[in-house]
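**Q** Right, I'll just put the structure down here and ask away after.
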Amino acid sequence: MIFLWAFVVGGAICVIGQLMFDVLKLTPAHTMATLVVIGAIVDGFNLYEPLVKFAGAGATVPITSFGNALVHGALTELRDQGWIGVISGIFKVTSAGVSAAIIFSFLASLVVRPKG
Amino acid sequence: MLRGKQTWWFENRPVIIGSATVVGPDEGDGPLADEFDLVHPELDMGQKSWEKAERLLMEQAAEFAIQSAKLDSKQIQFFVGGDLMNQIISSSFAARSLGTPYIGVFGACSTSMESLALASLIVNSRSADYALAGTCSHNCTAEKQFRYPTEYGSQKPPTAQFTVTGAGAGVLALEGEGPVVECATIGKVMDLGITDPFNMGAAMAPAAVDTIQSHFNDTGRTPRDYDLIVTGDLASVGHPIATDLLLKDGVPMNETIFKDCGLMVYDVSRQKVQAGGSGCGCSAVVTYGHLLKRLNRGELGRILVVATGALLSPLSYQQGESIPCIAHAVAIDSGKERKK
């Protein structure tokens, strides 16, 4: 059943992105940034975590998850470390994703020649 | 000689004594494949960067055009060229290889006719015996500069256009065999407030319409005087808009054949090029390749090429500015007896 909900929820997020692209004529950068912000706001209301439990990868794979992770890390650190945690926590959860992007980009650049 | 408000009349009848076109794989797969002098099977053409590949296109087109005019590059007195790259590097770097005195021009995709008009003016005024006009574009350099990195794989709406990978060049002289450049109408910059860079055809259509009407007003000609009128790269969205606007203004475009280079260079229904071709190379390869050959074969008597250009920069677009557009028209006659 989780596969079905992952498909439905993940697909729905992508449909929203596609509509922003085609109907609202947003650029890919604006579309992506807006989805990140939406994910952050949804987590601010404590609603993203339940969505992840419900739809699994359907909620964690789309870019909204990145916004969720930014806010989630900041709020967790706020609880544990006090106000300084808002700053130090932002990249706590997302560091794996950010580091992976840098490391794998580097590895890819060793074997292919990017032309831009 | 100025005729009317914005048309140069070349009374000494400069002749295009040689021309050449070099294209990439998608153009070589299109309906005009047989009309090009060289088709590169790979987009990178064995070069290290897309920019180097675009430069190679320009260098080869210039070299082949000079060869077809049976001249040596030392005999070319001026090269008038331009392209879409920042600081028109493709043409300037190609001019470095050519070693001829160089006039760099920018008119976005209208550069093909802008450079031809200027080269004709130079030859017509006897300021040179031989002048070379040429321009180029590459799909990947344009994507990279104006849109997104080529590896990014960004989606495009169906109104978007596909930049032609190709270069075209022509050698002008007062003596010799070949099609004659009769006159050129220099366009005004038009801006109707369109801000969508994925709908260039619609943005450029009013500029084409204005230049075509100015051309007829200045010269006293009508569409009937031309066997073919082509716009540069309005493609499947912009070309019908231009046709409608002209008919609405009472220009009898039904008396001639009115086509668009962006729809001629590709098979739009088969090739994945969205609305059709665009770029400096689009009108250049269709004109210097296909149309000049048809003029030389006697299939066409007189044509009008209206190259359209969108004068935006990535910066102006990011700052939310609308897209100013321009069109330049050049009338080319076969130089042979008209059949009609």
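The values are calculated or read from the model by the stated rules, or taken from the named source; none is laboratory data. Please read these numbers as outputs of a predicted model, since none were measured by experiment. Cβ sites come from the backbone with ideal geometry, for glycine too, and all protein chains shown count toward neighbours. Just the protein is used for accessible areas: all its heavy atoms, side chains included, with ligands, DNA and RNA removed. Shrake-Rupley method; radii C 1.70, N 1.55, O 1.52, S 1.80 Å.
**Q** In square angstrom, rounded to the nearest 10, how much accessible surface does B:Met190 have for a 1.4 Å probe?
**A** 40 Å²
**Q** Right, something else. Which order, highest average first, do B:179-186, B:318-325 follow once you tally other Cβ atoms within 10 Å for each residue and take the mean per peptide?
**A** On the way: B:179-186: 24.4, B:318-325: 15.8.
Averaged packing, sorted descending, gives the order B:179-186, B:318-325.
**Q** Based on the Cβ-Cβ distance from B:Glu177 to B:Ser316, what FRET efficiency comes out when R0 is 41 Å, to the nearest 0.05? All intermediate terms of the calculation are to be shown ahead of the outcome.
**A** Values: r = 44 Å, r/R0 = 1.07.
The formula returns an efficiency of 0.40 here.
**Q** How large is ³J(HN,Hα) for each residue in the range B:123-140, as worked out from phi by the Karplus curve 6.51 cos²θ - 1.76 cosθ + 1.60 (θ = phi - 60°), to whole Hz, x for Gly and Pro?
**A** These are the phi-based 3J(HN,Hα) values: 6, 4, 7, 6, 7, 7, 7, 9, 10, 10, 10, x, 7, 8, 8, 9, 3, 6 Hz.
**Q** Work out the length of the dipole vector of the protein assembly as shown about its Cα centre, built from +1 on the beta-carbon of each Lys and Arg and -1 on the beta-carbon of each Asp and Glu, and round it to the nearest 20 debye.
**A** Details: 34 positive and 43 negative charges, 18 e Å.
It works out to roughly 80 debye.
**Q** When the Cα centres of the range B:261-337 and the range A:47-116 are compared, how far apart do they sit, in Å?
**A** 47 Å
**Q** Short version: which residues of the range B:136-176 lose at least 40 Å² of accessible area, all chains versus chain alone, 1.4 Å probe?
**A** Residues losing area: B:Tyr148, B:Glu151, B:Gln155.
**Q** Using a simple charge model, +1 on the beta-carbon of Lys and Arg, -1 on the beta-carbon of Asp and Glu, nothing else, what dipole does chain B show about its Cα centre, in debye to the nearest 20? Intermediate results must be reported in sequence, preceding the final value.
**A** On the way: 28 positive and 38 negative charges, 102 e Å.
The calculation lands at about 500 debye.
**Q** Also: So, with a 1.4 angstrom probe, what is the percent of accessible area on chain B that is carbon and sulfur?
**A** Working: 6640 of 12920 Å².
Carbon and sulfur atoms account for 51 percent of the accessible area of chain B.
**Q** Taking the solvent-accessible surface of protein heavy atoms with a 1.4 Å probe, what is the per residue accessible area of the protein assembly as shown in Å²?
**A** Details: 20420 Å² over 456 residues.
Normalised by residue count, the accessible surface of the protein assembly as shown is 45 Å².
**Q** Related question: Taking 8 Å as the Cα distance limit and 6 or more residues as the minimum spacing, I'd like the relative contact order of the range B:136-270 as a percentage. If you can, show how the numbers build up before the last one.
**A** Working: 140 pairs, mean separation 27.8, N = 135.
In percent, rounded to a whole number, it is 21.
**Q** Then there's this: So, with a 1.4 angstrom probe, what is the percent of accessible area on the range A:68-113 that is carbon and sulfur?
**A** Numbers: 2410 of 3310 Å².
Reported share for carbon and sulfur atoms: 73 percent.
**Q** So if each residue of separation counts as 0.36 nm, and I subtract the Cα-Cα distance between B:Tyr148 and B:Asp244, what length gain in nm does that give? Each step should come with its number before you reach the end.
**A** Numbers: separation 96, 0.36 × 96 = 34.56 nm, distance 3.28 nm.
Full extension from B:Tyr148 to B:Asp244 adds 31.3 nm.
**Q** Among DSSP beta bridges whose residues both lie in the range B:73-167, state the antiparallel percentage, nearest 5. Could the numbers behind the result be given before it?
**A** Details: 2 of 12 bridges.
The answer is about 15 percent antiparallel.
**Q** At a cut-off of 30 Å², which residues of the range B:49-84 become less accessible once all protein chains are present than in their chain alone, using a 1.4 Å probe?
**A** For the range B:49-84, once contacts with the other chains are taken into account, B:Trp50 lose 30 Å² or more.
**Q** Charges at C-beta only: +1 for Lys and Arg, -1 for Asp and Glu. How large is the resulting dipole of the range B:273-340 about its Cα centre, in Debye rounded to 20?
**A** On the way: 8 positive and 4 negative charges, 114 e Å.
Using only the charged Cβ atoms, the result is roughly 540 debye.
**Q** Over the range B:123-173, what is the mean sequence separation of C-alpha contacts under 8 Å (at least six apart), divided by residue count, expressed as relative contact order in percent?
**A** On the way: 51 pairs, mean separation 29.3, N = 51.
RCO, the range B:123-173: 58 percent.
**Q** Further question: Assign one of three labels to the range B:11-96, namely rounded, prolate or oblate, based on the Cα gyration tensor with a ≥ b ≥ c the square roots of its eigenvalues; rounded applies when a/c is under 1.5, prolate when it is not and a/b is larger than b/c, and oblate otherwise. Write down the numbers at each step before the final one.
**A** Working: a/c = 1.99, a/b = 1.28, b/c = 1.55.
Taking the square roots of the gyration eigenvalues as a ≥ b ≥ c, the range B:11-96 is oblate.
**Q** How big is the convex hull of the Cα atoms of the range B:107-220, per residue, in Å³? Could you put the intermediate results ahead of the total?
**A** Values: hull volume 15.2 nm³, N = 114.
Spelled out: Cα convex hull of the range B:107-220, divided by residues, is 133 Å³.
**Q** Moving on. With a ≥ b ≥ c taken as the square roots of the eigenvalues of the C-alpha gyration tensor of chain A, please select rounded if a/c is under 1.5 and otherwise prolate if a/b is larger than b/c or oblate if it is not? Mind showing how you got there, number by number?
**A** Details: a/c = 1.57, a/b = 1.07, b/c = 1.47.
Note, shape of chain A comes out oblate.
**Q** Of B:Lys52/B:Lys156; B:Lys259/B:Lys293; B:Lys5/B:Lys188; B:Lys5/B:Lys293; B:Lys48/B:Lys272, which ones are farther than 20 Å apart at the Cα? Don't skip to the answer; put the middle values down first.
**A** On the way: B:Lys52/B:Lys156 25 Å; B:Lys259/B:Lys293 17 Å; B:Lys5/B:Lys188 11 Å; B:Lys5/B:Lys293 31 Å; B:Lys48/B:Lys272 25 Å.
Too far apart for the 20 Å limit: B:Lys52/B:Lys156; B:Lys5/B:Lys293; B:Lys48/B:Lys272.
**Q** On to the next question. Checking an interface number: how much accessible area is buried between A and B, summed over both chains, with a 1.4 Å probe, in Å² rounded to 100? Can you show the working numbers first?
**A** Numbers: alone 8030 and 13370 Å², together 20420 Å².
So the buried area, both faces added, is about 1000 Å².
**Q** Here's a follow-up. Apply the a/c threshold of 1.5 to the C-alpha gyration tensor of the range B:148-284 and tell me whether it is rounded, prolate or oblate. Can you show the working numbers first?
**A** Values: a/c = 1.97, a/b = 1.35, b/c = 1.45.
Oblate, since a/c reaches 1.5 and b/c is not below a/b.
**Q** Still on this structure: Run the helix sum for the protein assembly as shown: -39,500 (n - 2.57) per DSSP H stretch of 4+ residues, divided by residue count, reported at 222 nm to the nearest 500 deg cm²/dmol.
**A** Details: 18 runs with 204 residues, N = 456.
After summing the helix terms and dividing by residue count, I get -13500 deg cm²/dmol.
**Q** Can I ask one more? Given springs between every Cα pair under 10 Å in a Gaussian network model of chain B, which of B:Thr165, B:Thr195, B:Thr231 has the largest fluctuation?
**A** B:Thr195
**Q** A:Lys53: which aspartates and glutamates have alpha carbons under 19 Å from its alpha carbon, excluding same-chain residues fewer than 8 sequence positions away?
**A** A:Asp43
**Q** Could you let me know the centre-to-centre spacing of the range B:104-128 and the range B:159-175, using Cα atoms, in angstrom?
**A** With the range B:104-128 and the range B:159-175 each reduced to a Cα centre, they are spaced 13 Å.
**Q** Still on this structure, I have one more. Give the long-range amide H neighbours of B:Asp260: residues separated by 5 or more places, or on another chain, with amide H under 5 Å away, using H modelled in the peptide plane at 1.01 Å from N.
**A** Sorted by chain and number, the residues that satisfy this are B:Thr231.
**Q** Please check the range A:20-35 for residues whose accessible area, probe 1.4 Å, is lower by 40 Å² or more when all protein chains are in place than in their chain alone.
**A** SASA drop of 40 Å² or more in the range A:20-35: A:Phe21, A:Pro28.
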